[in-house]
Structures are given as structure tokens and as C-alpha cells.
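The values are calculated or read from the model by the stated rules, or taken from the named source; none is laboratory data. No experiment lies behind these values; they were computed from the predicted model shown. Cβ placement follows ideal geometry from the backbone for every residue including glycine, while neighbour counts extend to all protein chains displayed. For the accessible areas, the whole protein counts, side chains as well, though only heavy atoms, and no ligand, DNA or RNA atoms are used. Shrake-Rupley method; radii C 1.70, N 1.55, O 1.52, S 1.80 Å.
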Amino acid sequence: FVVFEMVGGKTKYKLFAANGVSSDGSKPVCAFFQSEEGCRNGAKCKFRHEKVSEAQASLEQADASSIISSETDDSSEEDVTVSDLRRLVSKRSAKSAKKEVKDQPSKKKARRGTNSSPFANQSQQNKETTEEKDSNPFLPPNVKTTTVSDKVQLKGTPEGPQTKNRSNTKQVKAKSVKNPKKEFTTTPKASNLSPTHNGISSFALNLGLPVSNFSIPGVDKDQALVKLNVDITDPKRLVPSQTPEGRKWAELVKLTRDDPRFERMFSYEEKDENWINAKSYGDWCKNIPHAIAIDCEMCATKCPETGKINPKALCRLSVVNAVNPADVLIDTLVKPDWPVIDYRTWVNGIKKEHLENVQFTFEHAQSFMKALCSQETVIIGHALNNDLEALKMEHYCVVDSSLILKVKDEETRCPSLKDSTKQLLDQEMPKTHDSVNDARVSLSLMEFYLQQAGKVNPIIPTPKEKATQKLFIHRIPRFVKENHLVEMVQQYTNIIPTSIEDIEFNGNTGKTHVLFSSEGHASLAFNTIKAQAKPDKTGRLQKKIFMRNNEYIQVRQMSKPRPSADEKDGSISGQESK
């Protein structure tokens, strides 16, 4: 049977059995009795016949959970109540719903505009286009095509080399392209998670925030699951002393601050009125963790009014409980305030479509951190200054593994998280950053440091990839995929690249980099392509490779060609003649 209750002026329905009773022992209210028609069963009805009062509804509404508001006046010295942000979330959800209805006609127009793409028209005219999108769209080597400039008639496209290399192509996909980012197919949405669902804590969810959970395919987040009493009021000198969890990290907090680089890294020189601070420790801290590990993912945004660029705009926030790393306090995508100009997908795996429907804002992220942290909360991470800058949060009770761990023979250099994890924990870090995993790994590194009483080996840095180990490919049509490019490179050069970055599209064309095992392999691959090399505007050589539809892409070297001995001699003799 359906029974309804009035909550805040809205009707909510509950399902009861015919012999069910309410929590106070009385029969539930009859839903039909509340309607204009009334209940047809009359006295035979097994439910209670009485009208629901607004006073009762308001009492029921008082039980609703709430959170701190992100739109309260920061200038106020009073503590913000937890109920404020509950109203903010409801307010934003209502605005979002209105905006979605209002924008529906424009979205339809945009879809019609998409169909007017030159590639869409071409697919209707060319019968082979559908097959080409699923197969290699590039012409085999040494096959000419018709262009306006060359005016060469295409006589035919032999299929022999194409068929011959198909078996090898599968090996390239398996061995060369290590790109888990291709598995993203849908936009992540906010999930109704519980403390036991995907390891997500109920802390953030109980606050009522519109969390948009996110994970990197193929990354195991659980892989990384591994005394002072000084009362100082200055946040810059404060040492955690109120709880055992905080005192555990007190020595590492001091060690982080003692590093000569700390003052520069945590100076917060660009601090403005939008920055936040944690409140003093008090009774309100009893039910919050006193040590956490965090990591943030960032993108680059640009203000449409001033043109100012924010290279550290927050787009994902992950926080884990340092006492129990399996307890993920929050893991959510964050909607940037300004339009994104660089998603940095190759670093964080986040694409445009992942952020389109996200309702969790930067203000929500700050409100969460204010509700979670006191001045004594120990925040653990790697290169934490970047994460705190992205959050615009001033905090000094930190343990930064990039300052505590040292690089061999280079005291002023910070070790990478990847090198530190490999050499100290014997774990491999995924190519694409996962902020939950990164937070747990940095925590595990500091736990290991404590277990070893600080006696850990210095980190030996891994040599970085040189730009000359890559080839730059641009003018890539939207129907071309990364695996098409890998097949093309092997087909034209007989060299298998080690990896390829995600194609970044801007309009109808995109660009990417193909990485080879050495600078020599990259140079040999470019020289093997049988096409005329012409310099671009920067002087770097590039070659055209044609596709079956007469379009072409450009393959370019990453550095300018070195002058030959004759060119050097000519330049010297020319200077002497002057």
C-alpha cells in the first residue's frame, strides 16, 4: 500500500504492508484519505484516516542531514553551520535543472551542426568511408593520390600490403600502445555510494555534496594500502599534539618544515580573498580523522573576461583516511570555474565529456576541506604545495614526501613519486595519474619512512624522455584513431613505436606525439617515410602521409635539422668575407 507524507511542502510516498505500523506504534496514514476523492474503504480501511499537518512535516524535515555552505560570507568570524550547504546543494540542483531545460533547444542545434561536418557529408558520398573508419584509413606506402597541387590521377589502391600487415598490426596494439585512457566511453556521474561500496567513505556523501566519482581504468587503487605535546597557536609553527593520530606524524611535520625549500614552496605568495584556512582544533573535531592523505588533478583554464590563465585549476579531488587508507573520504571530479583550455588528459585521464555534467564545484571542494580539517589535521602528500594551491587552502601542518625523501647527489632536487615508489616500495606506478592511488602511495612512502626510522636510501632519478625520441603528428581527422596511427607508422617505417599519446582535437583536426625507444629510432622512422620533407614555420621538417579519401596528415620532427659541415663552413666564410 502507498502512504504519503508531507515533508517541506513536498509529497513523498512510502510503501507499507497492509498490517504495517509506523515507528510510534500507530497505523500509517491513508494516502487516499488525503486526496479530494477520499478513501473508498471508509471504516474498513486498514490505515489511519487523519490529515497530515504542516507542523508534523516540519519536524520530519529537521532530521535531514546537511553540510557547511560554500556560499557563506568568509569575512564572518562565526562558525558556519552544517545545514547551510545542504540548502546550497538544493539551490544549485534546482538552478542546474532549470538551465538544462532552457538549454535544450541550443543543444539540438549543436547536434544538427555536428552533422554538417565535412566528414559527415563525405561519408554520404563515399561508400567506402564507413569501412575506412573501422580499418586503417591510410594509403599503403608508395601509392600516389590525387591532390590539387600534384594533379596526379589515382589509378588504384593495391590491397596486398594492407592485408599482409594485419597480423603484425595486432602485435603493435598489444606491445606498443599502452594507453588505458582509450577505455573511457561515458561521462562519470555522481554515484550513490556507501561506506562499503568501492571503498568510498560515507563522510563526503553524508554532507550531501554532489560527488562525481572517477577512476582510471586498469589502475588498482588498493595497491598502495600499506611524541610531542607542544601547544603553539601560530599555524606556521603548530605541531599536532591533541590526538594520537596527529602526534604520530609530528616529527615528519617538523622535518618537512625544516627543509630549506619549504618556505619557498609553501609561501602562498598569490593568496587572495578566495583562499581558505582551517579552524582551530576543538570539540567539533571528535568525529573527523586527524591525519589524511590527499592528491589533486589539475587542468588549465582561462578567464573569458580578463584572459587570465589558471594553470592549476582543480578538476579532481581525492582524500583518504591516513589511519585507514581503504577509507576514501572523497573522490570526485570538480567543475572548473573558467573554461578549460588544456585538460591534460595524457596526465590525468580526464576528458571534456567527463566534466560536462559534473555539479561538484570548486566551492564545494573548499567547503569539504573546511568541514574536514582543523589546524592540527596532518595533510600528507607528494609535492603538497601544488595540491593546496589548487584548493586555495593555506595549511602548514603537512608531511610532504617530496621534501622528506632525497635524491642521490642532488640535495635540492625533489624525487618523483614514480621513482620513489619503485625503489622504496617495489611498486610500479601507472602511466596515467590516479589521485586516489597517488594519495595512498605517498602515505605508504611516509609509513615506510617511519618504520625505517628515516634510514632509507636516496632516490636515483630515472632519465626523462627526450623530445627528440618523439615524432609530432598533426592535421589528424576526427575519424582517425590512435591505433590507426600506430599501424601507419609501422607500415611506412617498419619501426614499432613504444607508445602514443591521446589525440587532442581542436575543431575537426587533432594532434599527438608518437614515442620511440630512442632518438635514433625516431630519426630513422622519419627518414624512412618516402615523402618530401619541407620545413614548417619553425624550421622543423615535416612530411605528408595521404589517406584513402585524399586527405593527409603531417608527421614532423621535434627539433630543427642540424647544419651540415659544408653549411657551417659556408656560414663562417661568409662572416669572414664581411
Take the conditions open to solvent by less than 20 Å² (accessible area, probe 1.4 Å) and at pLDDT 95 or above and apply them to I473. Does it pass?
yes
Among residues of region 40-55, those that are open to solvent by less than 80 Å² (accessible area, probe 1.4 Å), at pLDDT 70 or above and among the small types (G, A, S), counted:
1
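Yes/no per residue for (1) hydrophobic (A, V, I, L, M, F, W, C); (2) under 26 Å from the mean Cα position of the chain (by Cα):
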{"site": "H474", "(1), (2)": "no, yes"}
{"site": "N483", "(1), (2)": "no, yes"}
{"site": "E487", "(1), (2)": "no, no"}
{"site": "Q490", "(1), (2)": "no, no"}
{"site": "P497", "(1), (2)": "no, no"}
{"site": "L515", "(1), (2)": "yes, yes"}
Looking at region 318-366, which of its residues are modelled with pLDDT of 95 or more, assigned to a helix (DSSP H, G or I) and either of a type in the set (D, E) or under 20 Å from E245 (Cβ atoms) (or both)?
E363
Out of region 524-546, which residues are hydroxyl-bearing (S, T, Y) and either open to solvent by less than 50 Å² (accessible area, probe 1.4 Å) or in contact with a Phe, Trp or Tyr (Cβ under 9 Å, 6 or more places away or on another chain) (or both)?
T528
Answer residue from region 491-523, given it is open to solvent by less than 30 Å² (accessible area, probe 1.4 Å) and in a helix (DSSP H, G or I) and is farthest from N136 (Cα to Cα) among those
A522
If a residue counts only when it is within 23 Å of A291 (Cβ to Cβ), which strands (runs of 3 or more DSSP E) contained entirely in region 374-477 have at least 2 such residues?
378-381, 398-400
Report whether or not Q451 is at pLDDT 95 or above and out of contact with any Ser or Thr (no Cβ under 8 Å at 6 or more places or on another chain).
yes
What residue, of K392, K431, is surrounded by fewer than 24 Cβ atoms within 10 Å (Cβ to Cβ), among the basic types (K, R) and touching a strand residue (DSSP E or B) at 6+ places or on another chain (Cβ under 7 Å)?
K392
